[in-house]
Amino acid sequence: MTAIKLFKNAHVLAPEDLGVLDVLVAANKIVAIGKDLNPGDGNLPIEMIDANGFYLTPGFVDSLVHFIGGGGEGGFATRTPEMQLTDATLGGVTTAIGVLGTDATTRTLTNLLAKAHALEIEGISTYCHTGSYQVPCRTIMGSVTDDLILIDKFIGVGEIAISDHRSSQPSLTELRKVAAEARVGGMLAGKGGIVSVHVGAGASLLDPLHRAIAGTELQLSQFYPTHINRNQAIFAAGLRFAQAGGVIDFTTSTTAYDLKHGEVAAAQALALALTQGIPVSQLTLSSDGNASLPIFSSSGQLLGLEVGKVSSLYASARSAVMDYQVTLSNAIAAITSSPADVLGLHHKGRIAVDKDADIVLIDKKTLHIDSVFAKGKTMVKAAKAVVVGTFETKLN
Ligand code: ZN
């Protein structure tokens, strides 16, 4: 496996459709894109990859993954397991953003940070949000601002829970303070500094966010609410939020129970939002991978539990194309350039010179993932993992 790779005759979705081109990668960067790129006199150690018959897209950016596990809402035995490297790579995910969740007592930010470093060593790119569902926020350095400035991998805060029985029921003042701290930390560190917001099934929907910015200098775009496809009411509130300038995120992990009880499938939500005129730059999908997917009764009693999958991210993007007539370019944008932009990851999410060489090859006939490259390194080939995590024994 050489450090220089030349993808020949790929149909490039950057995510915008650039047509059939060659893409040259050296070490971990994309260094040239063009027609008929010439490998020279044959002395250079270049790995030639025949990409004829494939779409070449940016590696997917999953903006919400519980990569040290989450949950525990039904007691200790319901804490979900950690994500493994190939859970991400086989699903085309080359950048994952890790978060805590409901439990910030037995799950810690230091553990999250260690796992982020481990996954980075294993080959993908990782970032984290400080805090958890709770306000005031748990932090490592003493404040959200300090965590964003002083810890490289921390790029935002959250997911802060609102409109949910598991939320710490933050006041408007508390929400404003979290947003202000994230904003200043992000500015000083040159990071996105957004507040990822977990939106539950509560009746207040996204109102706390609209009320938090009213009368302040904060912008709606400071908040990045997720689970906006949880039910019809939240979806409608999400469209209003996007029409007012915010970015909204749809969760791709789901259960048959949720879909039967009012959840809008993420693929369908993406299609509906696009037909409502929301630009794809304000629409993202995330997997909520390794989250617990609790099934609650109407009185809040836990009835059962499933585990979110990172692979649902591309499965939903593909379904948006196959089942809901979304263009492949838009479906790919919702899992690449859109999340990269909202998170401030300017070296991610696009096929362009100087961007990281995170690349997915997708079979043009079936739209299944064939190969995945993270920072120039082959992770998946012919839909099989060629690199596995430290403690993964099986090759698939
Ligand atoms: Zn959540």
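The values are calculated or read from the model by the stated rules, or taken from the named source; none is laboratory data. Small disclaimer: the values here were computed from a predicted structure and weren't measured. Note that we place each Cβ from the backbone using ideal geometry, even for glycine, and neighbour counts take in every protein chain shown. For the accessible areas, the whole protein counts, side chains as well, though only heavy atoms, and no ligand, DNA or RNA atoms are used. Shrake-Rupley method; radii C 1.70, N 1.55, O 1.52, S 1.80 Å.
When GLY70, GLY75 are screened for being open to solvent by 10 Å² or more (accessible area, probe 1.4 Å) and modelled with pLDDT under 95, only GLY75 passes. Listed conditions (1) open to solvent by less than 50 Å² (accessible area, probe 1.4 Å); (2) away from the ligand (no atom under 16 Å from the Cβ); (3) without any contact (Cβ under 8 Å) to a residue 60 or more places away in the chain; (4) not in a helix (DSSP H, G or I) are all met by GLU217, apart from (1).
If you go through the range 256-283 and pick out every residue that is within 26 Å of THR95 (Cα to Cα) and either among the small types (Gly, Ala, Ser) or within 14 Å of the ligand (Cβ to nearest atom) (or both), you end up with 7.
Taking ILE295, is it open to solvent by less than 20 Å² (accessible area, probe 1.4 Å) and either outside the structural domain of LEU18 (by TED's automatic domain parsing) or not in a strand (DSSP E or B) (or both)? Here the answer is no, as ILE295 does not meet what is asked. Within the set LEU18, LEU44, the sole residue that is open to solvent by 50 Å² or more (accessible area, probe 1.4 Å), more than 16 Å from the ligand (Cβ to nearest atom), assigned to a loop (DSSP other than H, G, I, E, B) and in contact (Cβ under 8 Å) with a residue 40 or more places away in the chain turns out to be LEU44. Contact annotation: residue pairs with Cβ atoms under 6 Å, 6 or more positions apart or on different chains, pairing a residue in the range 180-201 that is more than 15 Å from HIS129 (Cα to Cα) with a partner that is among the hydrophobic types (A, V, I, L, M, F, W, C) and open to solvent by 10 Å² or more (accessible area, probe 1.4 Å), are LEU188/ILE149.
Does the range 188-204 contain at least one residue that is basic (Lys, Arg) and open to solvent by 60 Å² or more (accessible area, probe 1.4 Å)? The answer is no, given that none of the residues of the range 188-204 is basic (Lys, Arg) and open to solvent by 60 Å² or more (accessible area, probe 1.4 Å). Picking from residues in the range 154-178 that are closer than 18 Å to ILE194 by Cβ and touching an Asp or Glu at 6+ places or on another chain (Cβ under 8 Å), the one that is nearest to the ligand (Cβ to nearest atom) is VAL157.
The set of residues in the range 94-127 being over 16 Å from VAL197 (Cβ atoms), within 16 Å of the ligand (Cβ to nearest atom) and surrounded by 24 or more Cβ atoms within 10 Å (Cβ to Cβ) consists of ALA96, GLY98, LEU112. Answer yes or no: is there a residue in the range 247-254 that is surrounded by fewer than 24 Cβ atoms within 10 Å (Cβ to Cβ), modelled with pLDDT under 95 and under 25 Å from ILE151 (Cα atoms). Scanning the range 247-254, I find no residue that is surrounded by fewer than 24 Cβ atoms within 10 Å (Cβ to Cβ), modelled with pLDDT under 95 and under 25 Å from ILE151 (Cα atoms), so the answer is no.
Being open to solvent by 10 Å² or more (accessible area, probe 1.4 Å), touching a Phe, Trp or Tyr at 6+ places or on another chain (Cβ under 8 Å) and not assigned by TED's automatic domain parsing to the domain that holds LEU361 is a property that LYS177 lacks.
Among the residues of the range 149-190, those identified as hydrophobic (A, V, I, L, M, F, W, C) and closer than 28 Å to ILE234 by Cβ are PHE154, ILE155, VAL157, ILE160, ALA161, ILE162, LEU172, LEU175, VAL178, ALA179, ALA180, ALA182.
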